[in-house]
Amino acid sequence: MRVRLAAVVYDALLIVALNAIVIGLIVGFVTPSEVAATKQATVLPAHIRHFVLFPAMLLTTWSFYGYFWRKAGQTLGMQTWRIRVTRPDGSLLGWDDAFGRCAAAVILPAFCGLASLPFHNTAASALSLMLGFIGNYAWAKLKGRGMAWHDQLSGTVVIRVPKEHSPKRSALGWFSRD
């Protein structure tokens with residue numbers, strides 16, 4: 001389970017960077033020129049934040065996972081930690097499988113986050129979301145025979161990939177010794 005969580009953290013860093021680029025482009029595009037000319041920081045209107053930025057970040061995140069899972073069954077973090085997600089028959093995921101897996105992965109965190117709304121506390125919401133995220137993987141440890149909740153709901157499996165034997169490299173790593 002630690003390997004899967006390490007891959008998630010690795011991918012999260014990449015997703016944060018991708019989302020920062022997307023947000024920067026969108027903010028640059030939607031900021032009126034007169035506001036930009038004053039060089040003063042302003043808060044974007046709520047409708048831009050809720051109906052443009054949030055869906056763009058969601059689409060970026062799902063596109064990241066969908067692209068890598070369809071291409072090789074592995075995100076960059078999964079490649080680093082040598083795990084792969086596939087269908088039970090071993091074939092790669094399609095876009096619908098990737099969408100279903102992502103949607104299943106956010107059910108428990110979203111439910112936990114919604115449960116914290118009556119408290120009107122950002123820290124409580126963040127803690128609730130984190131507990132929901134951890135709950136997905138705790139399920140795998142306690143009841144899921146190594147399968148997280150979103151693995152079971154989406155009908156996908158995560159497998160370990162054997163270490164590949166790479167050719168011996170020279171000291172600089174540029175040329176093989178063969």
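The values are calculated or read from the model by the stated rules, or taken from the named source; none is laboratory data. Keep in mind that what you see is a predicted model, and the values were worked out from it rather than measured. For neighbour counting, all protein chains shown are included, and Cβ atoms are generated from backbone atoms with ideal geometry for every residue, glycine included. For the accessible areas, the whole protein counts, side chains as well, though only heavy atoms, and no ligand, DNA or RNA atoms are used. Shrake-Rupley method; radii C 1.70, N 1.55, O 1.52, S 1.80 Å.
Could you grab the pairs with beta carbons closer than 6 Å, sequence gap of 6+ or different chains, first residue in region 150-178 and more than 30 Å from G135 (Cβ to Cβ), second one modelled with pLDDT of 90 or more? Matching pairs, first to second residue: none at all. In region 97-145, of all residues being polar (S, T, N, Q) and over 23 Å from G66 (Cα atoms), the one that is surrounded by the fewest Cβ atoms within 10 Å (Cβ to Cβ) corresponds to T122.
If you go through region 117-149 and keep only what is touching a residue at least 60 places away in the same chain (Cβ under 8 Å) and among the basic types (K, R), you end up with just K141. For T80, the criteria (1) among the polar types (S, T, N, Q); (2) open to solvent by less than 60 Å² (accessible area, probe 1.4 Å); (3) within 23 Å of I159 (Cβ to Cβ) hold in every case but one, which is (2). Does S154 qualify as being more than 21 Å from V3 (Cα to Cα) and either among the hydroxyl-bearing types (S, T, Y) or open to solvent by less than 80 Å² (accessible area, probe 1.4 Å) (or both)? Judged against the criteria, S154 is not a match. Taking region 21-64 as the range and being part of a helix (DSSP H, G or I), without any contact (Cβ under 8 Å) to a residue 40 or more places away in the chain and of a type in the set (S, T, Y) as the test, the residues that pass are S33, T38, S63. All of (1) surrounded by fewer than 19 Cβ atoms within 10 Å (Cβ to Cβ); (2) under 20 Å from G155 (Cα atoms); (3) out of contact with any helix residue (DSSP H, G or I) (no Cβ under 6 Å at 6 or more places or on another chain) hold for G73 with one exception: (1). Annotation: R4 fulfils all but one of (1) touching a residue at least 12 places away in the same chain (Cβ under 8 Å); (2) open to solvent by 40 Å² or more (accessible area, probe 1.4 Å); (3) out of contact with any Cys (no Cβ under 7 Å at 6 or more places or on another chain); the unmet one is (2). Output the residue which, of all residues in region 70-116 that are in a loop (DSSP other than H, G, I, E, B) and free of Cβ contacts under 8 Å to residues at least 40 places away in the same chain, is nearest to R4 (Cα to Cα). Of everything passing the filter in region 70-116, G73 is nearest to R4 (Cα to Cα).
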